[in-house]
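Quick notes on the structure that follows.
A short reminder: the numbers here are calculations on the coordinates, not readings from a lab. Keep in mind the model is a prediction, meaning the values are calculated, not measured. Note: ideal-geometry Cβ built from the backbone for every residue, glycine included; neighbour counts use all protein chains shown.
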Amino acid sequence: MKNIVILISGGGSNMAAIVKSAQREGWREKFNARITAVISNKADAKGLIFAHERGIATMVLDHKAFASRDEFDGALAGLIERFDQPDEPVLVVLAGFMRILTPAFVARYTGRLVNIHPSLLPAFTGLHTHQRAIDAGCKFAGATVHQVTAELDHGEILAQAVVPVLPDDTADTLAARVLTQEHIIYPRAIADLLQKK
């Protein structure tokens, strides 16, 4: 059984979309895969409630309790390793996990660490993507699912969705429209990865 661990920092709407897709589409039977844990770096992350209510193990690892990024990432890897198996390496899914991971952590999970970013990569890496797209006069924006590398918001593109930027868009209205597409493409991209394995 392949274990999937999802990392969140907040409401976890992408995590919820993935969990719902896994249940609806029968990932356990179809791919021999299950979502086994949701880990947050914030104790008040609302997504933890959603996961707990669905019988998924939840854990909190407060990044503020660690003196360095390396120490936090080491402890995080220790939690994730509980779900790793020699014959079925764990798949780590970043779903609104607002931490920049160290190169050592990324290297540890190469090929099995995925993220979703709210822009059409390689455009607008980093933060404030929606406002930056509006300010640049973009006619289209979107979201990208990608493999995680040591370079922020780079890595092989696994899926993208495109939405129009409307004349009266604000960062919030554009973000909401992009998010609806994130909820579609992220579960689909993970299912595609599981199918290839």
Ranked list, fewest to most other Cβ atoms within 10 Å of each Cβ, for L7, L194: L194, L7
Segment 83-158: relative contact order in percent, alpha carbon pairs under 8 Å with at least 6 residues between: 31
Rg ratio (alpha-carbon, reference 2.2 N^0.38 Å) - segment 1-68: 1.16
Whole-number percent relative contact order across the chain, with pairs defined as alpha carbons under 8 Å at least 6 apart: 20
Long-range lysine pairs (8 or more apart or interchain), segment 2-196, Cα under 23 Å: 10
Where GluC sites (Glu not before Pro) in DSSP loops with at most 11 other Cβ within 10 Å are excluded, longest remaining stretch of the chain: 1-150
Volume of the Cα convex hull of the chain, divided per residue and given in Å³: 116
Helix-only CD estimate at 222 nm, as mean residue ellipticity for the chain, using -39500 (n - 2.57) per DSSP H run (n ≥ 4): -12000 deg cm²/dmol
Folded to 0 to 90 degrees: helix 13-25 orientation relative to the chain principal axis, Cα: 60
Sites matching trypsin sites (Lys or Arg not before Pro) across segment 92-195 that sit in DSSP coil, with at most 11 neighbouring C-beta atoms within 10 Å: K139
Positive minus negative residues near L7 (Lys, Arg vs Asp, Glu; Cβ under 12 Å): +1
Dipole magnitude of segment 18-75, debye to nearest 20 (Cβ charges: Lys/Arg +1, Asp/Glu -1, about Cα centre): 340
Cα Rg over Rh - segment 25-108, Kirkwood: 0.97
Förster radius 30 Å - calculated FRET efficiency between K64 and K20, Cβ distance, rounded to 0.05: 0.45
